[in-house]
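Student: Can you read through this structure? Questions will come right after.
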């Protein structure tokens, strides 16, 4: 096979389009300014959403009162509300949304399917079964999170092992295996809900619908999100080529199988962390990559970090709405993301015809 020049490879990478769907975006951005400018805008939006989440609630906090708390002064009630309740929950929402959006973008590249999302391979179902078993056993919140993570990892190993078999897996085989495993987890969840004591059902249902009420430790998901972005930065060009298909990527010198394994493992692990933190939250990993590709094009060097910021911002705003729209009662954040995600996805489908 003849060699391909750097200019030829750059030209081919520069016109990457997902084979199953096409976006009318601004194309691949190759300049540093083209990469930094949209990320700076998204970072500003994320910070604005974070400030809004901290100030809005049953007790409103003005910018001046917030600044006083930051300076170590101000009302003790405001200090407690911000540092112990609102800020940890807001940071957890930011990290969880970012993880789900990046995982969705990776799944869509891996499966080359525009409808792929972080839950398509049954990871959420495995985490839900683990969490519900811990709740039925009367375990504490920490053990519930650990059980959810263990269930997600078990589901990941099951899907990968069954899809791989004695040979190599294909995206279609992996997808079908994940759908079957997810159906099995769904049956187990229904069974557990049917036999659960009545007093435990509300907490279990809230977890299944996505809830950030008990997400008081934002640092693990934030650490995972930052680490994930740092790992994916040098892989942007290879992922651009992989999006065209395995044969084209192999022809251009990409180690396809190791890269696919890495993408699958990373997407599964970060989905497990997100589900462990906030339960099952739908549509973030499906909608955010679509919206960003419409606006920014298909360059994964830009899309993946943009997903981390935009997904976090979306979930942060949804959680703020969930805890204020019928205050003092709170809605599961998964309800808000579904109500926002369904019409948004239908609009995106209509525009992308």
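Student: How far, in degrees from 0 to 90, does helix 300-322 lean away from the longest principal axis of the Cα atoms of the chain, to the nearest 10?
Tutor: 20
Student: Evaluate the relative contact order of the range 72-174 (contact order divided by residue number), counting alpha-carbon pairs under 8 angstrom at least 6 apart; express in whole percent.
Tutor: Computed value for the range 72-174: 21 percent relative contact order.
Student: Can you tell me the 0 to 90 degree angle between the C-alpha axis of helix 219-232 and the longest principal axis of the chain, rounded to 10?
Tutor: The helix 219-232 is inclined about 10 degrees to the chain.
Student: Kirkwood hydrodynamic radius, computed over distinct alpha-carbon pairs, for the range 208-268: how many Å, to one decimal?
Tutor: 13.7
Student: Right, another one. Compute and list, largest first, the equivalent-ellipsoid semi-axes of the chain from the alpha carbon gyration tensor, each √(5λ) rounded to a whole angstrom.
Tutor: 35, 27, 16
Student: For the range 63-174, just say rounded, prolate or oblate: build the C-alpha gyration tensor, square-root its eigenvalues into a ≥ b ≥ c, call rounded for a/c under 1.5, and beyond that prolate if a/b exceeds b/c, oblate if not.
Tutor: oblate
Student: Rounded to the nearest 500 deg cm²/dmol, what is the calculated helix-only ellipticity per residue at 222 nm for the chain, with -39500 (n - 2.57) per DSSP H run of length n ≥ 4?
Tutor: The per-residue figure over the chain is -23000 deg cm²/dmol.
Student: How high is the relative contact order of the chain, in percent, with contacts defined as C-alpha pairs under 8 Å that are six or more residues apart?
Tutor: 33
Student: Let me ask something else. Rg to Rh for the range 118-197: what is it, with Cα atoms only and Rh by Kirkwood?
Tutor: That ratio equals 1.05.
Student: Right, another one. Could you work out how far helix 333-351 tilts from the main Cα principal axis of the chain, as a 0 to 90 degree angle to the nearest 10?
Tutor: 30
Student: If you take the C-alpha gyration tensor of the range 198-305, multiply each eigenvalue by 5 and take the square root, what semi-axes do you get, largest first, in whole Å?
Tutor: After diagonalising the Cα gyration tensor, the semi-axes are 33, 15, 14 Å.
Student: So between residue 139 and residue 342, what do we pick up on full extension, going 0.36 nm a residue minus the alpha carbon distance?
Tutor: 69.6 nm
Student: Using only alpha carbons, build the gyration tensor for the range 301-344 and give me the equivalent ellipsoid semi-axes, biggest first, whole Å.
Tutor: So the three semi-axes of the range 301-344 are 24, 12, 6 Å.
Student: Suppose R0 equals 56 Å. What FRET efficiency, 1/(1 + (r/R0)^6) with r the Cβ-Cβ distance, do residue 194 and residue 250 give to the nearest 0.05?
Tutor: 0.70
Student: Relative contact order for the range 214-353: what percent, with Cα pairs under 8 Å and sequence separation of 6 or more?
Tutor: 25
Student: Pop the C-beta distance of residue 257 and residue 48 into the FRET formula with R0 = 51 Å and round what comes out to the nearest 0.05.
Tutor: 0.75
Student: Ranked highest first by the average count of other Cβ atoms within 10 Å around their residues, in what order do 264-277, 148-161 fall?
Tutor: Highest-to-lowest ranking by the protection proxy: 264-277, 148-161.
Student: Would you mind checking the range 273-309 for residues with the amide N under 17 Å from a putative spin-label position 7 Å along Cα→C-beta of residue 350?
Tutor: Label zone hits: 291.
Bear in mind that the values in this text are calculations on the coordinates, not laboratory data. Just so it is clear, the structure is predicted and the values come from calculations on it, not from any experiment. When we count neighbours, we look across all protein chains shown, and the Cβ atoms used for this are built from the backbone with ideal geometry, even at glycine.
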